[in-house]
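Below is one structure; the comments refer to it alone.
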Amino acid sequence: MIRPMVALTALVAAAAAMPAAAQFQKPEDAVKYRQSAMFLLANHFGRVGAMVQGRVPYDAAAASANADIVSTISHLPFAGFVDGTASTEKGKAKASIWSDRAKFDAAAKKMQEETAKLAAAAKTNSLDNLKAAFGPVGQTCKGCHDDFRNQ
C-alpha cells in the first residue's frame with residue numbers, strides 16, 4: 001500500500017514541479033513555494049534524523065516512508081528559484097544562485113542523488129545502513145546552505 005502511494009506522490013510531485021516556474025504570478029509566490037518545499041523536506045528528514053540520532057526509537061517502516069518522502073520532495077524546491085527572488089536577508093537565497101547557476105544545479109542534483117540513496121538504505125530495514133546514508137544527505141544540505149543561503 002505504501003509503495004503505490006509513494007509512486008503516486010512522486011509522479012504528482014514531478015508533474016507539479018515542471019510547470020511550477022510558469023505558475024508564479026509574483027516573485028513572492030516562487031519564494032513561498034520553495035520555502036514550503038524546504039520546510040517539508042526538513043520536517044521529514046528530521047524524523048529520520050531523530051531515529052538515526054537515537055532521540056526516538058528506530059521504526060523501519062516510518063524511516064522508509066519518511067526517507068521516500070524526502071527523496072520525492074528533494075526535486076520540488078528548485079522550480080522556485082526563479083530570477084528576481086534573491087535576497088540579502090538572513091536565511092534567504094543569495095544572488096550567487098543565479099550568478100553560479102551551474103554550481104547550484106550540481107549541488108541540487110547531488111542532494112537528490114543522496115536522498116535517493118537514503119531511501120534505498122531505509123528499505124534495507126537496517127539502522128546502520130540508514131545512519132551511513134544519512135550523513136551524506138546532511139552534508140549536501142549544509143554545503144548548499146553554506147554557499148547559497150545568507151547566514
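Just so it is clear, none of the values below were taken in a lab; they were calculated from the coordinates. As the structure is a computational prediction, the values presented were derived from the model and not from experiment. FYI the Cβ positions are ideal-geometry reconstructions off the backbone, even for glycines, and counts take in every protein chain you see.
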Based on DSSP H runs of at least 4 residues, each adding -39500 (n - 2.57), what is the mean residue ellipticity at 222 nm of the chain after dividing by all its residues, to the nearest 500 deg cm²/dmol?
-23500 deg cm²/dmol
Under the rule of at least 5 residues apart or a separate chain, name every residue whose amide H is placed under 5 Å from the amide H of R149.
K94
Would you mind finding the longest exposed-site-free stretch of the chain, with exposed trypsin sites (Lys or Arg not before Pro) meaning DSSP loop and at most 16 other Cβ atoms within 10 Å?
1-54
Span from the the range 34-63 Cα centroid across to the the range 108-147 one, whole angstrom
12 Å
Computed over the chain, the ratio Rg/Rh where both radii use C-alpha atoms and Rh is Kirkwood
0.99
Most fluctuating of V56, V31, V82 in the GNM of the chain (C-alpha, under 10 Å) is V56
Could you list F81, F39 in order of exposure, starting from the residue whose Cβ has the fewest other Cβ atoms within 10 Å?
F39, F81
Among the DSSP H helices of the chain, those whose Cα atoms extend at least 24 Å along the helix axis and whose mean Kyte-Doolittle hydropathy is -0.5 or higher are 27-52, 101-122, 127-148
To the nearest 20 debye, what charge dipole does the range 2-148 have about its Cα centre, counting +1 at the Cβ of each Lys and Arg and -1 at the Cβ of each Asp and Glu?
120 debye
Loop-only GluC sites (Glu not before Pro) in the range 59-151, please: DSSP not H, G, I, E or B, and at most 12 other Cβ atoms within 10 Å.
E89
Placing +1 on the Cβ of each Lys and Arg and -1 on the Cβ of each Asp and Glu in the chain, which of P27, V52, A102 has its Cα farthest towards the positive end of the resulting dipole?
V52
Using a Förster distance of 30 Å, the FRET efficiency for K103-Q35 (Cβ separation, nearest 0.05)
0.90
